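Asker: Okay, handing you the structure first.
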Amino acid sequence: MVDCKNIIYKQNENLILDSLSFKINEGEKVVLLGLNGSGKSTLLKLLNGLLFTQSGEYKFDNNAINQPFLKIKKNFSYFRKECSLLFQNIDAMLFCESVKKELLFSLELLNITSSEKLFEHIVHILGLENKLDSLPFMLSGGEKQKVALACVLLIQPSLLLLDEPTSSLDNQTSKNLVDYIRTLKCTSIISTHSLALAEELGSRAIVLKEGKIIYDGNTTGFTQNHKLLHEAGFLHIHDSKKLGVWHSH
């Protein structure tokens, strides 16, 4: 479904993504890991057709995703229905006068019919039942994230891209979301800082460091490997003194 070959992306001459190559098959659940500045958000925007490579090729469902392809109206509509991204900056996704109108906006724009049962289910798992008439701009950060998540999930894309989807959620809502994502048949690529959630969000992990892939494999193969965790910056070795003796931890 997703095929990236030697992807290079620069911003103001700064190399953000450096020769990335990987394939993701239909139905795979992939977790995208890396510290801030590793290139996770940039890669997700590129996979969503919001940014374009300076070099290399990105194919979605055997279609090369580039500006000429998306300038064709039918291609644009097709891709936006099939590939949906939750931004890390939630405020960039909200602009309607009520939460309910926000949830329905993308469906109407893309001419997608969503069942009332699905609508009620997603609203329920994200705890938005009492917020449908609220102004999105007046909600807390966590509530805004729930609304943005609901918008993305209602589209039911074949490729679901989520950038730090649980960063502002309470523990129960995070659990509900993770449980729901695991039931979906779509392909998902989800970035997170949480190693605790990584194994639940995807069986495969792609780990970025300074724009390069330093690991691509089984999630537990990364989260349980101290050497790899240290290389990626998730594990720090420091010296401490106890009873007059220095130790490394």
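The values are calculated or read from the model by the stated rules, or taken from the named source; none is laboratory data. Everything numeric here is computed off the predicted structure, so don't read it as measured data. Note: ideal-geometry Cβ built from the backbone for every residue, glycine included; neighbour counts use all protein chains shown.
Asker: Within the set of pairs 6 or more residues apart or between chains, which connect a residue that is over 16 Å from Asn171 (Cβ atoms) inside region 124-141 to a residue that is part of a loop (DSSP other than H, G, I, E, B) with Cβ atoms less than 6 Å apart?
Answerer: Within 6 Å, the pairs are Asp133/Ser98; Pro136/Leu94.
Asker: If a residue must be among the small types (Gly, Ala, Ser) and touching an Asp or Glu at 6+ places or on another chain (Cβ under 7 Å), how many such residues does region 86-101 contain?
Answerer: Residues flagged as among the small types (Gly, Ala, Ser) and touching an Asp or Glu at 6+ places or on another chain (Cβ under 7 Å) within region 86-101 amount to 1.
Asker: Given the conditions (1) under 30 Å from Lys73 (Cβ atoms); (2) modelled with pLDDT of 95 or more; (3) not charged (D, E, K, R), report the number of the one that Asn218 does not fulfil.
Answerer: If we test Asn218 against (1) under 30 Å from Lys73 (Cβ atoms); (2) modelled with pLDDT of 95 or more; (3) not charged (D, E, K, R), just (1) comes out false.
Asker: Under 6 Å between Cβ atoms, at least 6 apart or on separate chains: pull out the pairs that start in region 210-234 with a residue that is under 18 Å from Ile24 (Cβ atoms) and end on any residue that is assigned to a helix (DSSP H, G or I).
Answerer: So the pair list comes out as Tyr215/Phe222; Tyr215/Leu228; Thr219/Ala198; Thr219/Glu199; Phe222/Leu228.
Asker: Test each condition in (1) under 30 Å from Asp18 (Cα atoms); (2) at pLDDT below 95; (3) hydroxyl-bearing (Ser, Thr, Tyr); (4) not in a helix (DSSP H, G or I) for Ser114 and report the one that comes out false.
Answerer: (1)
Asker: Right, something else. Among (1) at positive phi; (2) surrounded by 15 or more Cβ atoms within 10 Å (Cβ to Cβ); (3) in a strand (DSSP E or B), where does Leu32 come up short?
Answerer: Among (1) at positive phi; (2) surrounded by 15 or more Cβ atoms within 10 Å (Cβ to Cβ); (3) in a strand (DSSP E or B), Leu32 violates only (1).
Asker: Which of the residues spanning region 117-136 are under 18 Å from Leu184 (Cα atoms) and assigned to a helix (DSSP H, G or I)?
Answerer: Lys117, Leu118, Phe119, Glu120, His121, Ile122, Val123, His124, Ile125
Asker: Among Lys23, Lys40, Lys10, which is buried (at least 18 other Cβ atoms within 10 Å of the Cβ), closer than 24 Å to Lys212 by Cα and of a type in the set (Lys, Arg)?
Answerer: Checking each option against the conditions leaves just Lys40.
Asker: Next up: Examine region 112-127 for a residue that is of a type in the set (Lys, Arg) and surrounded by 14 or more Cβ atoms within 10 Å (Cβ to Cβ), and state whether such a residue exists.
Answerer: no
Asker: Which helices (runs of 4 or more DSSP H) sit wholly inside region 140-203 and have at least 2 residues that are more than 11 Å from the chain's Cα centre (by Cα) and crowded, with 22+ Cβ neighbours inside 10 Å?
Answerer: So the answer is 141-155.
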